[in-house]
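Data block below; observations after.
The values are calculated or read from the model by the stated rules, or taken from the named source; none is laboratory data. Everything numeric here is computed off the predicted structure, so don't read it as measured data. Backbone-built Cβ (ideal geometry, glycine too); neighbour counts: all protein chains shown.
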Amino acid sequence: MGIEKKFIEDSISLYRVSQFLETELDRAGFSRVLIQRTPMVTRINVEVMNPGKVIGKKGKSIRDLTDAIANEFGIKDPQISASEVGNPSLEPRLMAKKACRFIEMGKKIRPILHSLLREIMENGALGAEIIASGKIAAKGGRSKSFRVFAGYIPKAGEPARLVLQNHVTAYPKSGAIGVLVRIVAPNTVFPDKVGKMKKIEIPKIIASAEDVENVAKRNEADEAKEEERKAIAEKQKRPHPQKR
């Protein structure tokens, strides 16, 4: 086997392992995975919201996961370790999942993206971009996209490799909506930027965005009150039984 072909097959194998872990550890709040091959073992470090779910009772879950990777992908001596995510607001996959959760709840997309972009920038990101595309309008409507961004986000060349990004798909009743999140982490050093970057100013429309979780809770409370009001009104409309 040529050396070029081996490099390609190794890269494909590592990508398949990453996709497998992303699916298997979704409930644990999977964020990212770092795979490092050595002559002796293959080290796999996964960053999740809840490392306890990865490890399992007495380490059973992580042993089963190790065996599955060794058997299905032919990786010799895989060693899996789980670490907790440092700052969830700076992890593209977690923010994309959060956006998808609210989209599937039927919340409006514009306030969702504004709120999440504000959260990312307030946690020190040098730049961020969120793009939602798909059946945004309504069921049967044409596909469209909505984009919000702030700060510095390189799109080409070597600096673009330093941008963290992830794509997650939401499935509301109207149809599939893809959410792409790009984040430039704090203290990222770009080769085309000399010295410390200036403080990022958040646009006013983003800075004034309300927390989407508070909006969701308030909407749920309003919906519950409206249902209660309708139930009372319906009860009052019913004819009272006549006394004999």
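For segment 96-117, what are the residues that are closer than 18 Å to Gly29 by Cα and of a type in the set (S, T, N, Q)?
Of everything in segment 96-117, nothing turns out to be closer than 18 Å to Gly29 by Cα and of a type in the set (S, T, N, Q).
Could you tell me how many of the residues in segment 106-150 are touching a residue at least 40 places away in the same chain (Cβ under 8 Å), among the hydrophobic types (A, V, I, L, M, F, W, C) and assigned to a loop (DSSP other than H, G, I, E, B)?
Of the residues in that region, 3 qualify.
Anything in segment 53-71 that is without any contact (Cβ under 8 Å) to a residue 24 or more places away in the chain, within 23 Å of Gly86 (Cα to Cα) and either touching a Pro at 6+ places or on another chain (Cβ under 6 Å) or part of a helix (DSSP H, G or I) (or both)? List them, or say none.
Answer for segment 53-71, where residues must be without any contact (Cβ under 8 Å) to a residue 24 or more places away in the chain, within 23 Å of Gly86 (Cα to Cα) and either touching a Pro at 6+ places or on another chain (Cβ under 6 Å) or part of a helix (DSSP H, G or I) (or both): Gly59, Ser61, Ile62.
Looking only at segment 119-140, which residues are among the hydrophobic types (A, V, I, L, M, F, W, C) and either buried (at least 22 other Cβ atoms within 10 Å of the Cβ) or touching a Phe, Trp or Tyr at 6+ places or on another chain (Cβ under 9 Å) (or both)?
Within segment 119-140, Ile120, Met121, Ala125, Leu126, Ala128, Ile130, Ile131, Ala132, Ile136 meet the criteria.
Residue-by-condition table, conditions (1) modelled with pLDDT under 90; (2) within 26 Å of Ser208 (Cβ to Cβ); (3) surrounded by 20 or more Cβ atoms within 10 Å (Cβ to Cβ); (4) not assigned by TED's automatic domain parsing to the domain that holds Pro203:
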{"site": "Leu117", "(1), (2), (3), (4)": "no, yes, yes, no"}
{"site": "Arg142", "(1), (2), (3), (4)": "yes, no, no, no"}
{"site": "Tyr152", "(1), (2), (3), (4)": "yes, yes, no, no"}
{"site": "Gly178", "(1), (2), (3), (4)": "no, no, no, no"}
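Is at least one residue of segment 76-97 modelled with pLDDT under 85 and either over 29 Å from Tyr152 (Cα atoms) or of a type in the set (Gly, Ala, Ser) (or both)?
Yes, there is a match, as at least one residue in segment 76-97 is modelled with pLDDT under 85 and either over 29 Å from Tyr152 (Cα atoms) or of a type in the set (Gly, Ala, Ser) (or both).
What about Ala96, is it in the same structural domain as Asn166 (by TED's automatic domain parsing), out of contact with any Lys or Arg (no Cβ under 8 Å at 6 or more places or on another chain) and not charged (D, E, K, R)?
Answer is yes for this residue.
Any residue in segment 28-39 that's touching a residue at least 40 places away in the same chain (Cβ under 8 Å): show its pairings with residues that are of a type in the set (Asp, Glu) at Cβ separation under 6 Å, as long as the two are six or more apart or on different chains.
Partner pairs satisfying both residue conditions: Phe30/Glu22; Ser31/Glu47; Ser31/Glu91; Arg32/Glu47.
Answer yes or no as to whether Ser61 is modelled with pLDDT of 85 or more and not assigned by TED's automatic domain parsing to the domain that holds Phe146.
yes
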